[in-house]
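Worksheet: one structure, shown below.
Each reported figure results from applying straightforward, stated rules to the coordinates on display, with no laboratory input. This is a predicted model, so every value here is computed, not measured. Cβ: placed from backbone, ideal geometry, glycine included. Neighbour counts: every protein chain shown.
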Amino acid sequence: MNRISAALGHLASTLAFFTPQSGGSPNANQIDSLYKITLVIALVIFALVEGGLVYALVKFRKRKRKGAPAAQIRGNTRLEVGWTVAAALILVGLAVVTFAKLPSIQNPSNTGPGGDTLASSDGGLLYASSERKLPPNGKSLNIKVIGRQFIWQYVYPGASEPDGLGAPYSYEEMVVPTNTAVTLDVVAADVVHEWWVPPLGGKVQAIPGYHNYTWFKALKPGIYRGQCSFICGRGHARMIATVKAVPPAQFDAWLAEQKKLISEANQQAKIARAKLGTQTGAGQVENP
Ligand SMILES: [Cu+2]
């Protein structure tokens with residue numbers, strides 16, 4: 001039994017070399033297992049086809065000494081019908097498995113035990129639709145992902161002003177609490193970009209004028225690396241995306257600190273603007 005499980009473990013790690021990164025989020029794990037199922041079926045077919053080919057080559061080769069010509073075989077209706085039907089059945093099987101797994105890839109799951117208890121704090125504006133899926137209990141940490149040449153910006157809930165301004169934000173590195181359902185609103189400020197952090201799920205395009213949605217739940221603390229995966233201009237290669245998952249308490253502290261820093265900066269900007277307003281004449285305007 002131990003040997004079998006060891007062999008299976010070995011097989012899984014070998015397969016993992018060929019399939020997408022996983023382990024970061026349940027949806028990424030489901031995508032990965034779909035790839036693995038397809039890969040195993042493909043390997044079995046590969047072995048059967050190549051094995052049959054080698055068998056036929058050896059068995060029906062022209063033997064020098066005998067002098068008799070190799071058997072000339074043309075067509076075999078049963079065999080041809082057989083492999084056509086078998087191929088169709090395999091495709092049907094793959095379709096069934098894919099559709100069975102699709103909901104667990106597309107639909108966010110609830111925040112797990114020990115996750116951040118932040119409810120959707122968009123003032124109750126967050127609603128589910130056919131595009132935007134929410135966890136069964138309707139609660140997620142919703143982060144807006146804005147793609148722009150050539151950096152990702154993340155806007156977190158917690159706007160200090162009613163028009164949505166003053167919300168905490170960060171660039172390039174998204175900070176999230178572990179074991180918490182995180183839903184993403186993916187938009188673009190200029191051209192098409194694509195959000196992709198492989199260990200946390202599939203690709204999502206950021207398209208100007210549209211909102212696309214995805215989700216993930218970081219299972220362990222750590223750094224998850226990704227990259228804009230839709231060529232978007234000169235700086236595309238540098239448009240990296242990182243997700244840093246930290247324990248919920250650490251996330252709450254980080255978010256509060258960001259909020260404080262941003263409101264301090266906004267206060268200073270207000271003072272600077274007021275100062276600018278009292279100055280007249282281009283020559284008198286000093287840098288505030
Ligand atoms: Cu881009």
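Quick one: plug the Kirkwood hydrodynamic radius of region 175-277 (C-alpha pairs) into Stokes-Einstein at 10 °C, 1.306 mPa s, and report D in µm²/s.
Values: Rh = 15.8 Å.
Estimated via Stokes-Einstein, D reaches 101 µm²/s.
Ranked by the mean number of other Cβ atoms within 10 Å per residue, highest first, peptides 130-140, 200-210, 24-34, 43-53 order as 24-34, 200-210, 130-140, 43-53.
Anisotropy class assigned to region 21-102 is oblate, per the alpha carbon gyration tensor with a/c at or over the 1.5 cut-off and a/b no larger than b/c.
Compute the Rg to Rh ratio over the chain from the alpha carbon atoms, using the Kirkwood formula for Rh, and round to two decimal places.
Values: Rg = 27.8 Å, Rh = 23.3 Å.
Expressed as Rg/Rh, it is 1.20.
Axis of helix 248-278 versus longest Cα principal axis of the chain: the two differ by about 40°, to the nearest ten degrees. For region 99-227, the convex hull spanned by the alpha carbon atoms encloses 119 Å³ per residue. Relative to the 2.2 N^0.38 Å rule of thumb, region 200-259 has a C-alpha radius of gyration ratio of 1.37. Applying the Karplus relation 6.51 cos²θ - 1.76 cosθ + 1.60 with θ = phi - 60° to region 87-101 yields 3J(HN,Hα) values of 5, 5, 5, 5, 4, 4, x, 5, 5, 4, 4, 4, 5, 5, 8 Hz, where x marks Gly and Pro.
Would you compute, from DSSP H runs of 4+ residues alone, the mean residue ellipticity of the chain at 222 nm, taking -39500 (n - 2.57) per run and dividing by the full residue count, rounded to the nearest 500?
Theoretical 222 nm ellipticity from helices: -13500 deg cm²/dmol.
Translational diffusion coefficient of region 1-60 (Stokes-Einstein, Kirkwood radius from Cα pairs, 25 °C, 0.890 mPa s): 182 µm²/s. The residue among 188, 256, 269 whose Cα reaches farthest toward the positive pole of the charge dipole of region 182-288, with charges on the beta-carbon of Lys, Arg, Asp and Glu, is 256. Helix 2-16 and the longest principal axis of the Cα set of the chain meet at an angle near 70°. With the convex hull of its Cα atoms as the shape, region 129-173 has an orientation-averaged projected area of 4.5 nm².
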